[in-house]
Structures are given as C-alpha cells and as structure tokens.
Amino acid sequence: METTYREALRQALDDAMTADSAITLLGEEVGRYGGAYGVTKGLLEKFGKERVIDAPISEAGIVGAAVGAAMTGLRPVAELMYVDFIGLAMDQVANQAAKIRYMFGGQIGVPMVLRAPCGTGRSGGAQHSQSLEAWILHMPGLRLAMPGTVSDAYHLLRAALRLPDPVVFIEHKALYVRKGELDTQRMDAPWGRAIMRRGGRDATIVAYSRMVHRALEAAEALAADGISAEVIDLRTLNPLDMETVSASVARTGRALVASEGHLTGGAAAEIAAQIQEACFDWLEEPILRLAAEDVPVPVSPALEAASVPTAESIARTVRRMVHR
Amino acid sequence: MDQGPSRAGQGRSGLALDLYRTMRRIRTFEERVAELFVRQQSAGSMLHLSIGEEGAAAGVGRAMVEGDSFTTHHRGHGVFLARGGDPNRMMAEIAGKAAGYCGGKGGSMHIADMALGHLGANAIVGGGIPAVVGAGLSYRRLRRPQVSVAFFGDGAMQQGILYESMNMAALWRLPVLFVCINNQYGMGTHIDRASASAAWDERARSFGLAAAMVDGEDTLAVYDAASALLAGARDGIPGYLGVSCYRFHGHARMDKSPYRDAAEEEAGRRRDPIARMANRLRGEFEVAGAEIEMVDAAAAAEMDTAMTFAIQAPLPEPAAMFTDVFAPDQPAPRPVADRIAAALGES
C-alpha cells in the first residue's frame, strides 16, 4: 500500500506497542500534541498516558529516564524534537546508554530507541537543521539507523524495537511527507544490511537517509548521459554493511559517498576510509565525498540548499570522476 | 520497626548494632582499598573512599528493602556494601580482575550488580540520577512496590540534570528518593565556594518533593529519616534526603587535600559516625565492648580475605575487551588488527 514516511513511522510504533506492552513513548509533545512532526498522533488516545508520556523540555532527563526505564523492564522510545537538541542529552546518550552494558560487564543492556529528526529543507537554521550522525557513529555501544524510504521507516523502526541494545533512530524531516510503498509483512533487507537501490557499472554512489533519493535522481540523470551509476542505501550506519558497499565498488571501481552531515570528521569520511581499505586494488579514481559544507547550516533558502549535496552536485561529481 | 526475624525482639539496639557492623565493614573495606593502591594492586588511582561518610550509606541502605534499586556516584563503595555487595567481587573489580562484578571493565567508578538492584556507579557527576526516574516509571507502570534511590555527592547539587530529574519525579509522582551525601567538598572546592545557598532541602521542596536534612554522624537519625522518606516515595511522594558528613581523606588516592588545613581536618574527622555509634552501643544500648570488638575483628578478617582474593584473582583475557559492547548475539566491533590485516590482504 502507498503511504508516507511519517505514517509508516506511526504505524511502526502502533504495531510495536500493540505487540509489546513494555514499549513506552517519552518525549516533548509526543502525547496530546501528537509529536512536533505528527509521528505519534493518536497513540496517546490508543495506549494511554502511562505509555505515551508528555515530558517537560528536559532532554537530558528524558534520555536519562529512558535509560533507567530500559534497565528496569520497559522498552522506552525517547524522542528528541530535533537531533540538534542531542547536545543537551549527550552525557546520557554517549556516557550512559552507550556504555552501560560494557561498563557493567554485560550484566544488562539498555534496550531503548532514541528517535530524532535531522536535516535541512525547512530554513530551520543552525540549531534545527543539522545531521549529527557522526557524533553517534563515533561512539561504541550505539546502533544507528537512518531510513531513507517509507518501507525502511517502518521496518527499521520495528527491528530497532526488538534489539537488545540502544538504537539512535534518525529520521529526515524533509522525508516525513514523502510517499512510498509499504508492505508491513516484507522488509527490503534485514536490519544491518545495506541494499542496492539501483544497479550500475561505472560508479557507486553510497548514500543514506534523504541522500538516497538525491543519489537515485542523479543516477537517472547520469543514465541519460550514458553513465551507469549504482546506488547503495546503507540504511543503518551501525552496523555498517561494508560487504555490500565493497562488493559494489570492486565492480565499478569508483565510489562517491553522499551525506548531509558536515564533511570534516563526518560519516562519509569513515565510509570512504573503509572503502579504501577494502577496495584499494580496484579503485580507478580517488574516493570522493559530497557532504554538508563545513559551515553552520544557514537559514536563507538560497544558502541552505547550497550547503548540502544535491542531485545535480552528485551527478556532476560522478560525471567528472568517470570522464577524468 | 522490622528488624528481620533473627533480630526480632532486639529492637533499636539490634538495629544500632547492625548499622555499626555495616559501617565498620565499609570503613575496613575502604582501608583495604587504600592498601590495595599502596601495594600497586588496584587498577589505577581513581579510587574515591567514603571514609567518614559511612552513616549515610548504612542508614539509607538499611532503610531500603529487597528489590529497591539504586544508582551511586563515584564514591559509592559504601552504599553498595550496605546493600549487600560482596566484598570479594567488589575488591576484584577495583583491581580490574575478571572475577569482579563487571569482569574488570567497570572498576571502582562503574561497579554495578543487577541482582542487588545496583543500577550502577557513575563517574559523571549527576550522570546516574535520571536513571532512577526511569526506574520509577517502570515500577509504577509494572505495578511493582519498589523505590529507586539516587545517591550522589554535594557536587551534583550544582548539576542541571538533578533538577530535571527532581521535577520529573515530582511531576509524575514517582517512587524515587534522591540522597545527597554532602561531604562538604566537590574534589577541592568547598560547598561555600560552589553553592550560592546550602538550603538544599528548600530546593527540593520547591519542586514538590518531601525533604529532610540530617547529620550523617547520627546513623540512627539517617535511618529514621530515610525510612520515612522511602515510605512516602512508595506512596508516590518522591523525596530528598541531605546527609551531611566530612570526607576524612582526599578526593582520590593521589589527592593530599592541600586545600584543607590541619585544624579543619582534625575537627572534621571528629565527626565520626562509627565512633559515635560505638559510644551509643556501649552506653545507651548496653552492648558489651567485647561484642563490638568481635564485629571489628570479623570485618577485618572479611576485608583481608577480599583483598587477598582480589590480588590473587586472574586478570581478564585480552579478548574480553571485545565482548559486551553489544549483546552477545549481536555483531561485535571488529578489532583494529583484523581490519588492517584484511586491508593488506593477509586474511
């Protein structure tokens, strides 16, 4: 059936909460308001206020409470209104949730999901538009999902809600209204596996979240020029399925990583380094990264749009790699 | 007051002797931890002793019941012992040994035991506090009668996360107790230089918590105050208990307290909950001196055994480093050496 990314997320929460009574939502505006982006609409009415908890504006407290609840029998889904707010909660994310299983010698895990929207597209400015996945990727002990499609929005969230460890689940706010096919009985690929969204021979574009769509648009434009680009959707960054990526790059000999996070020290850098390690003997060209410029995200639509990779910049870059 | 079946009829004096025993065990344990360090058998020097603070740990710990959970700060050996922690496994953890509570991965500042409700010691000041709010949510939702207790030092009174947690606990009427063990110092900074006001019970009341402040030298008073607040918390009125005491020694093992003068330390060390309880046992409760000495001797033997156990216990195997990042059935991190070997085509 066709639905939206937002509705798929809502459906995933609804189905998961129906299947598992331990699942409890906690966050700002998740209840009466229905979520700042409407993802949790109707869940308070259906599951009651003990399972859909409107929290005060206390990000550290929200995540910290989720950690404690996860250690004592619940499976909390904490929500940050924007991933940009994670700085307020970073101790609870990185020093507590991520490390508790390890520090305590495997005695207990923290089965929680932390949902948060990322990304540009709404002129939200430097504190409401970032893509901070690199902060999470850097931290051992956290899983990280970044769905790009409607189907993955549903299935990756359902999978995250069955995992024994903390998952940071980053949604792209520009995708909430995006439509796509959803079969709740069929997942594109298992949790932790990347997937080829389009086959190609000349270059591999590695992407995740919204960049998958821009990469696919770019591949379409490139096809018109006679360039065959393969698009790999990572889906999860931890686990990071380099097997699928490397198999592709070994065939195409060219790799471009597209990410909406900042270039320096970003997720694309880690992916590029791993491609280089695995595919050095097959590479025809340097591995390139297209990422957000190393500037805070500007508000003006003219500046904001130009600060992140576009289908055009992806296509242009692949064209230059192939024709070099 | 429930003293347990074996002490039925002994009433207040049985309780007092129990509290004394717990405090003596804590102090002796801490003295052996110090010795472990001097003998270079501890894992590092970041060992924070709770000598002088035993009244808080013993009093509150005794008032809690089986099933209650707790988190502690980095100076939490005493609380854990008061809640039933096994000295052998604790000391082994402090020595970084495989037989320790956390397999040597957590150490003194991250010791935990889910079986005893110890949700973990924390090396981030205030870091373990919001977890008890989450535990409170669980207990209420799962209709369990437990309370979750956050133990922290005076340093955490200046952390924002405490106030987020107090507000949520009060807002949602959770079975939670916040216990501040106020030893006067956040590392080298006296509370007078860190806190604009020391009326911390007023801060707690302003959030809607029930609050009390007690002198940590009077362990029975700590026990009584904690019992009342725990009963309230179990009924959905979260509480705050401030216990004042004096940290007899430096912040950690390398700290010789140059910021305190000798006169202050001498006066502070006279605020000794163990000496005070011994006096009360001999006087008010008419306990024979020989009985008290037996408690002391038993604690010494127990903690000597723990220290020997820790020293003799084997270190973890290097491969243990890669387990427990995620659950055992989940993909684990790949060792750096394996990745290099793969990149060089050696594997």
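The values are calculated or read from the model by the stated rules, or taken from the named source; none is laboratory data. Treat the numbers as computed from the prediction; the structure is a model and nothing was measured. Note that we place each Cβ from the backbone using ideal geometry, even for glycine, and neighbour counts take in every protein chain shown. When the accessible area is computed, the model is the full protein with side chains, heavy atoms only, and any ligands, DNA or RNA have been set aside. Shrake-Rupley method; radii C 1.70, N 1.55, O 1.52, S 1.80 Å.
Once region B:89-120 is narrowed to residues that are touching a Cys at 6+ places or on another chain (Cβ under 9 Å) and in a loop (DSSP other than H, G, I, E, B), the residue that is nearest to the other protein chains (Cβ to nearest Cβ) is B:Ala112. Within the span defined as region B:272-286, every residue fails to be aromatic (Phe, Trp, Tyr) and farther than 22 Å from B:Arg25 by Cα.
Test of understanding: among A:Ala229, A:Ala174, which residue is small (Gly, Ala, Ser) and over 22 Å from A:Gly119 (Cβ atoms)? Just a single option satisfies the conditions, and that option is A:Ala229.
Residues that are under 26 Å from A:Ala98 (Cβ atoms), open to solvent by 70 Å² or more (accessible area, probe 1.4 Å) and either aliphatic (A, V, I, L, M) or outside any helix (DSSP H, G or I) (or both) within region B:338-347 comprise just one, B:Ile340.
May I ask you to list the residues in region A:221-238 that are open to solvent by 20 Å² or more (accessible area, probe 1.4 Å) and touching a residue at least 40 places away in the same chain (Cβ under 8 Å)? Hits for region A:221-238 are A:Ala221, A:Asp225, A:Asn238. Here B:Arg140 passes the criteria (1) more than 7 Å from every other protein chain (Cβ to nearest Cβ); (2) surrounded by fewer than 24 Cβ atoms within 10 Å (Cβ to Cβ); (3) within 14 Å of the chain's Cα centre (by Cα) except the one numbered (3). Summed over region A:177-201, residues that are assigned to a loop (DSSP other than H, G, I, E, B), at negative phi, without any contact (Cβ under 8 Å) to a residue 60 or more places away in the chain and within 19 Å of the chain's Cα centre (by Cα) total 7. When B:Asn167 is tested against (1) of a type outside the set (A, V, I, L, M, F, W, C); (2) away from every other protein chain (no Cβ under 14 Å); (3) in contact with a Gly (Cβ under 9 Å, 6 or more places away or on another chain); (4) over 28 Å from B:Met46 (Cβ atoms), only condition (2) is not met. Please determine whether any residue of region A:250-263 is surrounded by 24 or more Cβ atoms within 10 Å (Cβ to Cβ), assigned by TED's automatic domain parsing to the domain that holds A:Arg210 and touching a Phe, Trp or Tyr at 6+ places or on another chain (Cβ under 8 Å). So far as region A:250-263 goes, yes, one or more of its residues are surrounded by 24 or more Cβ atoms within 10 Å (Cβ to Cβ), assigned by TED's automatic domain parsing to the domain that holds A:Arg210 and touching a Phe, Trp or Tyr at 6+ places or on another chain (Cβ under 8 Å).
Against the test of being open to solvent by 10 Å² or more (accessible area, probe 1.4 Å), at pLDDT 95 or above and under 13 Å from B:Gly128 (Cα atoms), the options A:Met81, A:Met71 yield a single qualifying residue, A:Met71. The listed residues are A:Ala134, A:Ala145, A:Ala126, A:Ala159, and the only one of them that is buried (at least 24 other Cβ atoms within 10 Å of the Cβ), out of contact with any Lys or Arg (no Cβ under 6 Å at 6 or more places or on another chain) and at pLDDT 95 or above turns out to be A:Ala145. For the structure I just gave you, tell me whether B:Ile124 is among the β-branched types (Val, Ile, Thr) and more than 8 Å from chain A (Cβ to nearest Cβ). Considered against the rule, which asks whether it is among the β-branched types (Val, Ile, Thr) and more than 8 Å from chain A (Cβ to nearest Cβ), B:Ile124 comes out as no.
Just one of the listed residues (A:Ala8, A:Ala60, A:Ala65, A:Ala78) is assigned to a helix (DSSP H, G or I) and touching a strand residue (DSSP E or B) at 6+ places or on another chain (Cβ under 7 Å), namely A:Ala65.
Residue count for region B:204-248 under the criterion of being assigned to a strand (DSSP E or B), over 22 Å from B:Glu264 (Cα atoms) and not hydrophobic (A, V, I, L, M, F, W, C): the result is 2.
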